[in-house]
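Structure, as structure tokens:
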Amino acid sequence: MTSLVQPVRVFVDPLEGTRTAVEAHRWVWPLLILALCVSASGTLFSLRWDAAPDVIRQLQGMGQLAGMSEADLTDNIQTATRKALVGGIAKGVFVMPLLTLLLACALWMVGWLFDQKASFERLLSAAALAMLPIALYHLIFTLCAAAQHTLTEARAEQLVPSHLGAVLTGLSPKMARLASTVDFFNLWSACLLGLGFSAATGMRRSRAVALALVLYVMYAGVTMVGLPAVVVVGGGPR
């Protein structure tokens, strides 16, 4: 029971809770919680998703809707729904744990660059604990999706308005992507990552948190701003 309570304690006492959990190598329960919450949100989205409008819009954008039979359109809609279900579960079971492992590897690299040594198990614990706010987001999304009769992709993006882009209106696509990086759960996760890195290596907390925020800015700049802009310029789907 202690192995479950210690990781959850980071929500109410992030300073001491993170330090205690990292020192005790608590990473199994955080990963299980993350996988469960992400899988649940993906499953609920696929069950509530009205795929027809999104699939039709996508086919129109690719110029494939003209001349398509009703049976083929129905097959495309059913295939999209199945892919959403399988993809949502796979994201929770495989993708998110893998990302957590890669994050722990990134922390090891940062520790090596700054001459801050720590055992990999401690760094993995820090990475797993930092993903708990992401798990909380998916839990909230699951509860909100369960209360909906149907969902579209646009509606799902606004279901839990946690980033600045969901609050501000009238932004250009580029500014909207930039505003989406100011996300409550992502910033919370970055701060926990810094606290975990401090607990694992002994680096001063303020310095470790600042370092984690810089890493998040770099990550968000590439994955949330840079890559989507390249896709849009290249004519791909937004």
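Of these, ALA135, ALA106, which one is in a helix (DSSP H, G or I), in contact with a helix residue (DSSP H, G or I) (Cβ under 8 Å, 6 or more places away or on another chain) and surrounded by fewer than 21 Cβ atoms within 10 Å (Cβ to Cβ)? Outline the logic, then answer.
Values: ALA135 fails: surrounded by fewer than 21 Cβ atoms within 10 Å (Cβ to Cβ).
Within the list ALA135, ALA106, the selection yields ALA106.
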Pick from the range 33-61, criterion hydroxyl-bearing (Ser, Thr, Tyr) and surrounded by fewer than 21 Cβ atoms within 10 Å (Cβ to Cβ), ranking: nearest to ALA127 (Cα to Cα): SER39
Residue match in the range 49-61 (condition: at pLDDT 90 or above and closer than 19 Å to TYR137 by Cβ): yes
Within the range 173-238, helices (runs of 4 or more DSSP H) holding 1 or more residues that are modelled with pLDDT under 90, among the hydrophobic types (A, V, I, L, M, F, W, C) and open to solvent by less than 40 Å² (accessible area, probe 1.4 Å): 173-180, 205-220, 227-233
The range 1-27 residues that are farther than 20 Å from ILE134 by Cα and among the polar types (S, T, N, Q), paired with ones that are open to solvent by less than 50 Å² (accessible area, probe 1.4 Å) and assigned to a helix (DSSP H, G or I) (beta carbon under 6 Å, 6 or more apart): THR20/GLN6
Failed criterion for THR169 (all others in (1) farther than 30 Å from PHE114 by Cα; (2) crowded, with 21+ Cβ neighbours inside 10 Å hold): (2)
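Look through the range 65-91, keep the residues that are outside any helix (DSSP H, G or I) and open to solvent by 60 Å² or more (accessible area, probe 1.4 Å), and return whichever of them is modelled with the highest pLDDT. Steps first, please.
Residues of the range 65-91 that are outside any helix (DSSP H, G or I), as a first pass: 65-69.
Then keep just the ones that are open to solvent by 60 Å² or more (accessible area, probe 1.4 Å); that gives 66-67.
On the way: ALA66: 78, GLY67: 75.
In this case the residue turns out to be ALA66.
Out of HIS149, HIS163, I need the residue that is buried (at least 19 other Cβ atoms within 10 Å of the Cβ) and more than 18 Å from LEU99 (Cβ to Cβ). Which one? It would help to see each step written out before you state the result.
Numbers: HIS149 fails: buried (at least 19 other Cβ atoms within 10 Å of the Cβ).
None of the other options fit; the residue is HIS163.
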Complete set of residues in the range 106-161 that are at pLDDT 95 or above, under 20 Å from PHE185 (Cα atoms) and polar (S, T, N, Q): SER125, THR142
Subset tally (residues that are within 14 Å of GLY42 (Cα to Cα) and free of Cβ contacts under 8 Å to residues at least 40 places away in the same chain) for the range 131-159: 5
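The values are calculated or read from the model by the stated rules, or taken from the named source; none is laboratory data. Just so you know, these numbers come straight off a predicted model, no measurement behind them. Backbone-built Cβ (ideal geometry, glycine too); neighbour counts: all protein chains shown. Just the protein is used for accessible areas: all its heavy atoms, side chains included, with ligands, DNA and RNA removed. Shrake-Rupley method; radii C 1.70, N 1.55, O 1.52, S 1.80 Å.
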